[in-house]
Each structure stands twice: as structure tokens, then as C-alpha cells.
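Report on the following structure.
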Amino acid sequence: MAATTAEAGRSRPVVLRAFRWTRRFLLYLVVVGGSFVYMYPVFFMLRTSLTKESDLYVVPPIIVPLPPVWENYAIMWQNGPTWSWMKNSIIVVSFSVIAETVTSVSVAYGFARTRFAARDKLFIGVLATMMLPGAVTLIPRWLIFHRLDMIDTLWPLLIPRLFGTAFYIFIMRQFFLTLPRELDDAARIDGASHLQILRKVVIPLSVPAIATIAVFSFMNRWNDFLEPLIYLLRTENLTLAVGLKFFVSRFGTEYHLLMAGAMLLIVPMIVAFFLAQKQFIRGIALTGIKG
Amino acid sequence: MASSGLSAKTTGLRPASASLSRWRAIRKWIAAQEGWVFIFPWVVGFILLDLGPYIFALIISFLNWDVGRPPTYIGLRNYQAAFTDPLIGKSLWNTAFYTIFHVPGSTIIAFTVAGLLNQKVRGMPIWRTMYYIPSVTSGVGMALIWIWLFAPRGALNGMLGWFGIEGPRWLTSTTWAMPALIIMSFWGVGASMVIFLAGLQGVPQHLYEAAEVDGGGWWAKVRHVTIPMMTPYIFLSLILGVIGSFQVVTQALLMTGGGPDNATLFILLYIWIMGWNAFKMGYAASISWILFAIIFVATVIQFLGARRWVYYEYQEPG
């Protein structure tokens, strides 16, 4: 009797440990394996962008092209006014991220935390603009900017960003609603104004959410395709995303050049994402939300 | 404020007291309107960039407006034409098909990946970044990459070749072009993944501990704690997924041009073609209102359905 319990006492941890080990191994396999599946297109693009055209279809495929063919980038760069496209993109994106984040946070605070008669009716307006396909306003806005003589300038891409973006307002409002009201009630009793509550109480608790909408804004504006496509006309006035459209028609099946062009669009985004991710993680740490 | 009220009473000046209380009422009213200050930018933008253009778009949709010629009023004829235009039926069907596969598929994938990324695994920042990178690069960059992956002798067909399968000519096949775009869309789940991950990190730990005390295993915890607590995030992801998916255009414009044989003609692509290639602004505006109606109804239905399954609870701080 005593012997069997002792036996069981000895063997159970071994089985348990083996089980835990297998589970951990499978977890790592899925997490790491999946991450490679997700990164595969990007690796593949990087590889192709540095491969000689004659090596594209070699069997077995070349995994690391040696020596790397940097010339692909030179050919791609000289294809169009690439520097000019990049400059336009940088102007549009940096302006948009700041403008959209600041206004969206303030508007979302108004909807989540202040009280006035028309508030909820107006919020239906926010939801409606989110649901409305951009195409409905695309046509009249284009005609308006056309009348204002702003076609083929960056203004139609900048001005609309000054008024908050429904999607980001919605995200921030939903986030603000999850913050306990007692916090700002306490601040109110201490005589704080709404602006003080927003700055001292709500924003410090919302850094991850704000970082998230800033990243979304960066992504969407950098990748924005349809708006610059309809507003910008002359080749040198395009943004990078639209400029690269010409690559598809010009390079056709010269995939090594096409991939070099894609790299141009993607690398700044990856760099920006790494910078933002730092901010994002710091924000999570600041608010004390544990992972 | 209390002290000034007191001084008014002690001086016994009735008119001053009356004006003071009126002043106080006005101040109170102004304070109650403070919210307007925060919302003001949006209100201006809403009138100038949304409400105004919506009304304008409605007017345009009743006009025959070929850019370059003066617009003429033609009543409902744009809408009549739209309802009998086979390409609108085709593009609506395509868009719905894409939505039916893209939205549930990418929600499930994003939820699963977020769950995996919420585990304690060494090097997590690296793995998390790797899952997210394709979404960062969505749009034109990704479209260019997938043109190459889907090429007749591209990577995907190369891999299928290892299993002895002869891959289709994805983007130039009427059967496979749409599935190709749906497959590609599953690489862009990063945004919902981040939203889910943020939500998962807000699920109170004590609920899991309670489930453990009750003898619940891994699946019981997912089923009875994680999913109910995550329903607001799932709902948000579904709502935005449907809205976004009805407005897909970039991939089709770059990768297939709506072809082959209109197999990837999405509704927004058709609007763009009508508006900026054919310059039929009136007709394009009327199609955009049809799209608006569809998205609106789909969203309202989802909101009505949400009452049955979405669970809201204020999260505890920290």
C-alpha cells in the first residue's frame, strides 16, 4: 500500500513533465512555424529583389542569392521620379499621422466622457461615416476639390485629415468606455476641467490605444492608393504607392525589379513599425496591463 | 462661487443676486456644453466632408454628368440602368463571395494567432512582429509580392509542384483569381490580431483561476472565459471586416484589373471605372448609393444580432 503510493508519487511528475514538455514543444512549433509562414512572402520578396533575372526559375530555387544583385535596385530607382514620389509620401504621411491622432483622441473623449444633449445623436453620425463607403464621398469630394483647383496637388490628401477620422474616433471611444468612470469622477470632484482630465487621467491610461491608432494611420496613409490615384495626375506629383503602380505595367513579368520596387514601399513601413512597437510595448508597461 | 453668493446675500442687493443666479445658470449651461469643444473638429469635418458631399452625391446620382459636358437632370434613370446592368450584379456577387470567405476566415485566423501570441513563449516580440509585418505592408507592396507568388511559375505553384500538383494560373484564371485574392487577404489580419491581443490582455486573470478551480481545462477556459470576454472585440472585428471587405479595390486594381472576364470585378472597382475611366459621374454616384445601402443594412443587422451574443463589462484597471 505504502509502496504503491510512493511509486505513484515518483512517476506522476515524470509523466506530467513529459506532457508539459510536449505541449510546450507543440506551442513553440506552431508559434514559430506560423510566424515563418506569415513572413514567407516578405523573405521571398527580399530574395527575389536581389536575384539575377536568369536565376529566377532555377531548380532547386536559390534561397540566398550570392552575390546579391544590388543593380536591380538601381534599375528600379531610375525607372521614374522615385525620390519625388518618396518626398510626397513623407509629407502626406507625417502630416496625417499627427493630425488624425490628435483630433481623433480629442473627439473620442468628447463622445465618451462629456455630456450634452446632442451627443449620442452625433455619434450615430460617426458610425454612419464609418459605414458609408468612401466611394460615395469620393465623387463629390473630387468635384469639390476640382472646383477649388486643387487637383494634382497634395491638398486633397491633407485637408480631410484635420477633422478626425471616424474609424479612429470609434476605436478610441470604445477604449475610453472601458476605463473606469470613477477615475475621472474623482478628478472632477477635485475641480479638474475636461481638458485636464483628458491630459492627466485619460491619455496616460490610453497610450497603447493611441499608439495603435497612430500605427493604423501611418499604415493606411502610406499604403493609400485610391485617393492619390484620383487626385494626383502628373507622374512626379504621385505618392510612392501610386507611383509603383507603373511598375506593374512597365516591368510586367520582370519580377526581380517588381520586388525591388515593393521593397522600397515596405522597408520604411517595417522600420516605422519597429519604432512604434517599442512605443506600444512601453505604453502597455506604463498602464500596468500585464501580458 | 459659494462665497460670492454669500456676499450678494449679505449686501442685500436683490437685483445683483438675481443677475448672479442667472449668470450662474448660464455658466452651468456653458459648462454642460463643454463637450462641443472636443467634438467641434469632427462636426466641421462632418458637414464639409461628409454630410455636404452625401447630399451632393445624391444630387449627382439624379444627373447625367459626363465630365466635360453640362450635367442634365434625368431623375431615377441612373438607378434604373444600375438595376439592369449585368456588371453590377456580377460585381455585387463577387464582392459578397469575397466577404463570405474573407470575414469569417480572417476573424478566426486573427483570433487564433492572437491567442498564440498571448502565451508565454521566449522571443515573443520577434514572433509577434513577424505575424504583423505582412499587415504593415498591406496594400500596394503586398499586391506586388503576391503577383509574383501567384505567377504561373511563381513560388506557390513551385510548392504545389513538390506534391505533384500542377498549380493553376491563379490571377489569369476565372476560377482561381477570386480564391487567390481571398487567400492573400489572410496575410493581412494584423489589425484585428492587435485588437484581439489588446482584448486578451484585458481579460481578468481571476476568471481563469476560477475556471481552474472548477476543474476546467484548456478548452473550457477558452470556451467559457476567453470567448465571452472577447465578444465585444470579435463584434468590432466583424463589423469593420464587412465594411472593409465591401470596399476592396486596391488588390483588384493592381493584380487583376477586375479580370479575367470580370471574375474579380469588385463593386468599388466598378465605381472607379465608371467615375474615372468612363467619367460617368452620375452613374458612378448612383452605384455608390446602392453600395451604401447594402453596407448599411448589413451593419444594422449585425448590430441587432449583437444583443444576443455580445457581452459588455467594464474592465478593471491594471
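The values are calculated or read from the model by the stated rules, or taken from the named source; none is laboratory data. Everything numeric here is computed off the predicted structure, so don't read it as measured data. So basically every Cβ, Gly included, is an ideal-geometry build from the backbone, and we count neighbours across all protein chains shown.
Below are the figures for this structure:
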{"read-out": "Selection count where residues are over 22 Å from the mean Cα position of the chain (by Cα) and not in a helix (DSSP H, G or I), scope the stretch A:129-159", "value": "6"}
{"read-out": "Filter result for the condition that a residue is in contact with a Ser or Thr (Cβ under 9 Å, 6 or more places away or on another chain), of a type in the set (A, V, I, L, M), farther than 21 Å from residue B:189 by Cα and more than 10 Å from chain A (Cβ to nearest Cβ), over B:263, B:210", "value": "B:263"}
{"read-out": "Segments classed as helices (runs of 4 or more DSSP H), wholly inside the stretch B:76-150, with at least 3 members that are within 13 Å of chain A (Cβ to nearest Cβ)", "value": "B:86-117, B:124-136, B:140-149"}
{"read-out": "Subset of the stretch A:160-181 [outside any helix (DSSP H, G or I) and within 7 Å of chain B (Cβ to nearest Cβ)]", "value": "A:164, A:180"}
{"read-out": "Residues of the stretch A:127-142 classified as more than 7 Å from chain B (Cβ to nearest Cβ) and surrounded by fewer than 23 Cβ atoms within 10 Å (Cβ to Cβ), total", "value": "3"}
{"read-out": "Flag if residue A:125 is under 19 Å from residue A:224 (Cβ atoms) and in contact with a Leu (Cβ under 9 Å, 6 or more places away or on another chain)", "value": "no"}
{"read-out": "Yes/no for residue A:70 being aromatic (Phe, Trp, Tyr), surrounded by fewer than 13 Cβ atoms within 10 Å (Cβ to Cβ), within 29 Å of residue B:193 (Cβ to Cβ) and at pLDDT 85 or above", "value": "no"}
{"read-out": "For residue B:222: the one exception among (1) surrounded by fewer than 18 Cβ atoms within 10 Å (Cβ to Cβ); (2) free of Cβ contacts under 8 Å to residues at least 40 places away in the same chain", "value": "(2)"}
{"read-out": "Flag if residue A:72 is outside the structural domain of residue A:221 (by TED's automatic domain parsing), part of a helix (DSSP H, G or I) and in contact (Cβ under 8 Å) with a residue 12 or more places away in the chain", "value": "yes"}
{"read-out": "Identity of the residue in the stretch B:12-49, over 41 Å from the mean Cα position of the chain (by Cα), modelled with pLDDT under 80 and part of a helix (DSSP H, G or I), that ends up surrounded by the most Cβ atoms within 10 Å (Cβ to Cβ)", "value": "B:20"}
{"read-out": "Among (1) among the small types (Gly, Ala, Ser); (2) more than 30 Å from residue A:172 (Cα to Cα); (3) within 30 Å of the chain's Cα centre (by Cα) - the single one residue B:75 does not satisfy", "value": "(3)"}
{"read-out": "Test: residue B:189 is of a type in the set (A, V, I, L, M) and away from chain A (no Cβ under 13 Å)", "value": "no"}
{"read-out": "Residue in the stretch A:206-227 that is more than 22 Å from residue B:49 (Cα to Cα) and either part of a loop (DSSP other than H, G, I, E, B) or acidic (Asp, Glu) (or both) present", "value": "yes"}
{"read-out": "Cross-chain or 6+ apart pairs with Cβ under 8 Å, the stretch A:50-62 first and in the same structural domain as residue A:74 (by TED's automatic domain parsing), then basic (Lys, Arg)", "value": "A:57/B:153; A:62/A:47"}
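Residue-by-condition table, conditions (1) more than 24 Å from residue A:106 (Cβ to Cβ); (2) not basic (Lys, Arg):
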{"residue": "A:150", "(1), (2)": "yes, yes"}
{"residue": "A:175", "(1), (2)": "no, yes"}
{"residue": "A:179", "(1), (2)": "no, yes"}
{"residue": "A:189", "(1), (2)": "no, yes"}
{"residue": "A:199", "(1), (2)": "no, no"}
{"residue": "A:223", "(1), (2)": "yes, yes"}
